[in-house]
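Trainee: First, the structure itself, so that you have it in front of you.
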Amino acid sequence: MKKIGLFLITLFVTFGIAVVSCTKTVKIPISFSVVTNHQDKVTDIYVPDHGTYDMQIMVKFLSGYASDNVTLKVVGLPADITVSPDTFSAVPTYVEDFVFTTTNAAHATYPVAIIATAPGVAAQTYNFNLTVISADCAANLWGAFSVHNACAALNYNYTATGVATGTTNTLTINNFGGYGAGVNAQVILNCDNDSLTIPNQNMGNGVVAQGYGVFTANSMTIWYSASSTPTGGPDNCSATFTR
C-alpha cells in the first residue's frame, strides 16, 4: 500500500508540474511608436535664437507587455541649447513636453535625435534637424512666396508676399489666397511650436476668412475657410507657401 501511495503522489506531483509549465505566462516585449503630439512622424523643428520651444512627443502603446516603461532621451544638442527634461520615462501611452531653451544661440542647423528604449527590445532612434532662427520668427517669412492653393472649388498657383507689421511674431500676407493685391491677411505666429493662426477678418476685396497652419524658416502651410471671396462664394482651401 505504501508503494502504491508513493506512486500516486509521484504522479500527482509530476502532473502538477506539467500543468504549471503548460500555463506559464510568457512576457511579450512591448511594441510602441514615437510620434509628435499631432500623431505625425518626428519632424524637423525651428527654435528661436533666444527663448523657448515646446516639442510635444507622444509615445503610443501598440502591443505586448503593457506595464513596461518607455524611456526617451534627447541627444546631439550644441552647448548653447538645453532641453528639459533631457530624459523622461513612463508607461505609454503618454505625451511628454521637451522644452528647448536658447540664449543667443548661433543660427545653424543641428542633427538631433530622440532615442527610445524599453526592456527586451532594441533601442529606436528618431532623427530630426533642429534649426535656430530669429526670435522674431516673422522676420524669417518676409518676402515673396510661390503659393499653390488646393481648394474645394479650384486648384491654382499665384505669388504672395510676407510683410512686416511692426509687431513681434506677426505677419501680413499680401495677395492672400490669390484674391488680389488689396487682400491682406493678418497672421499671428507661435514661435514656441511653429504654428500660426489667422483670426476671422475682413481682408479686403470682399474676402472674409480665417485659418490656421504651420511654418518653417522659409515656408508655410495654411488651411483656411473663406465665408466670402471676390466671386461672392465661400471656399475651403489649403495653401502651400514656398520660397
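Read the figures in this text as sums done on the coordinates, not as results from a lab. All values reported here derive from a predicted model rather than from experimental measurement. All Cβ positions, glycine included, derive from the backbone under ideal geometry; neighbour counts span all protein chains shown.
Trainee: Within the P(r) computed for the chain, what percentage of the Cα pairs occupies the region above 34 Å?
Mentor: Everything past 34 Å amounts to 40 percent.
Trainee: Now a separate question. Quick check: from the Cα gyration tensor, does segment 137-242 come out rounded (a/c under 1.5), prolate or oblate? Working shown, then result.
Mentor: Working: a/c = 1.63, a/b = 1.51, b/c = 1.08.
Prolate shape, in that a/c is at least 1.5 and a/b is the bigger ratio.
Trainee: Determine ³J(HN,Hα), in whole Hz, for all residues of segment 190-198 in sequence, where each value follows from phi through the Karplus function 6.51 cos²θ - 1.76 cosθ + 1.60 and θ = phi - 60°; x replaces Gly and Pro.
Mentor: 9, 6, 6, 8, 6, 10, 9, 9, 10
Trainee: Once the Cβ-Cβ distance between GLN56 and GLN124 is put in as r, and R0 is 25 Å, what FRET efficiency do you end up with, to the nearest 0.05?
Mentor: Calculated value: 0.90.
Trainee: Based on the alpha-carbon gyration tensor of segment 34-159 and its eigenvalue square roots a ≥ b ≥ c, which shape applies: rounded if a/c is under 1.5, prolate if not and a/b is larger than b/c, or oblate? Let's see the in-between values first.
Mentor: On the way: a/c = 2.87, a/b = 1.41, b/c = 2.03.
Because a/c hits 1.5 or more and a/b fails to exceed b/c, segment 34-159 counts as oblate.
Trainee: List the residues whose amide H sits under 5 Å from the amide H of VAL47, counting only those 5 or more places along or on another chain, with H placed 1.01 Å from N in the peptide plane.
Mentor: Here the answer is THR131, VAL132, ILE133, since their amide H atoms fall under 5 Å of that of VAL47.
Trainee: Taking only Cα atoms and a 10 Å spring cutoff, compute GNM fluctuations for the chain and point out the largest among VAL121, VAL147, VAL214.
Mentor: So, out of VAL121, VAL147, VAL214, the one fluctuating most is VAL121.
Trainee: Which FRET efficiency, nearest 0.05, do ALA108 and THR159 yield, Cβ-Cβ r, R0 41 Å?
Mentor: Plugging the Cβ-Cβ distance into 1/(1 + (r/R0)^6) gives 0.90.
Trainee: Further, regarding this structure: Can you order the peptides 97-110, 199-212, 174-187 by their average number of other Cβ atoms within 10 Å per residue, highest first? Write down the numbers at each step before the final one.
Mentor: On the way: 97-110: 14.9, 199-212: 16.7, 174-187: 20.2.
The peptides rank, most packed first, as 174-187, 199-212, 97-110.
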